[in-house]
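J.: Structure incoming, see below.
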Amino acid sequence: MRILVFITLLLLLSACFTPERNCKAFKTGKFSFTSVVLGDTLTTTFTRNDSIEIDYYLSRVDTFSVRWLNDCECIVKKLRPLTFQDSKAVQMKILTTDKSTYTFEYNLVGDTGNKQRGMVTKLSD
């Protein structure tokens, strides 16, 4: 009987906790994303409006189309890819949000077995 009460209490407490997701606040603005690539820490800044994203990375500028599937998920695709790899679209899903950051997971469209996670900081509106 104690186990049943414990399991019920555990389910009730875990059902009450859901991470904050104010995704609409992150659809537009100027952002920063830092990643580690082959031991080097690299920072990308990007500006996004509802349908276009402009990335600044290693003194290169790239433009992407952004198609929102819902408030927290979008598909991003490079407008002028130079290679076959560049032409592949990336699916992004915002998992949690905070005041000025969001945690997201991303993968190439169709490659759900290779999801990565990252954190983005909003620099300005």
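The values are calculated or read from the model by the stated rules, or taken from the named source; none is laboratory data. Since this is a predicted model, take the numbers as computed values, not measurements. For neighbour counting, all protein chains shown are included, and Cβ atoms are generated from backbone atoms with ideal geometry for every residue, glycine included.
J.: Say we look at the range 55-69 and pick out the residues that are over 15 Å from residue 89 (Cα atoms) and of a type outside the set (D, E, K, R); which of these is surrounded by the fewest Cβ atoms within 10 Å (Cβ to Cβ)?
T.: Within the range 55-69, the match that is surrounded by the fewest Cβ atoms within 10 Å (Cβ to Cβ) is 59.
J.: I'd like to check something: does the range 69-77 contain any residue that is assigned to a strand (DSSP E or B) and touching a residue at least 60 places away in the same chain (Cβ under 8 Å)?
T.: no
J.: Determine whether the range 78-91 contains at least one residue that is under 10 Å from the mean Cα position of the chain (by Cα) and in contact (Cβ under 8 Å) with a residue 24 or more places away in the chain.
T.: Among the residues of the range 78-91, not one is under 10 Å from the mean Cα position of the chain (by Cα) and in contact (Cβ under 8 Å) with a residue 24 or more places away in the chain, which makes the answer no.
J.: Only one of 65, 51, 59, 35 is small (Gly, Ala, Ser) and farther than 21 Å from residue 77 by Cβ. Can you tell me which?
T.: 59
J.: With the structure loaded, tell me whether residue 94 is among the aliphatic types (A, V, I, L, M), out of contact with any Leu (no Cβ under 7 Å at 6 or more places or on another chain) and under 19 Å from residue 119 (Cβ atoms) or whether it fails that test.
T.: Taking the combined requirement at face value, the residue satisfies it.
J.: Conditions first: (1) more than 21 Å from residue 86 (Cβ to Cβ); (2) modelled with pLDDT under 95; (3) not polar (S, T, N, Q). Residue 30 passes all but one, so which condition is the exception?
T.: For residue 30, the exception is condition (2).
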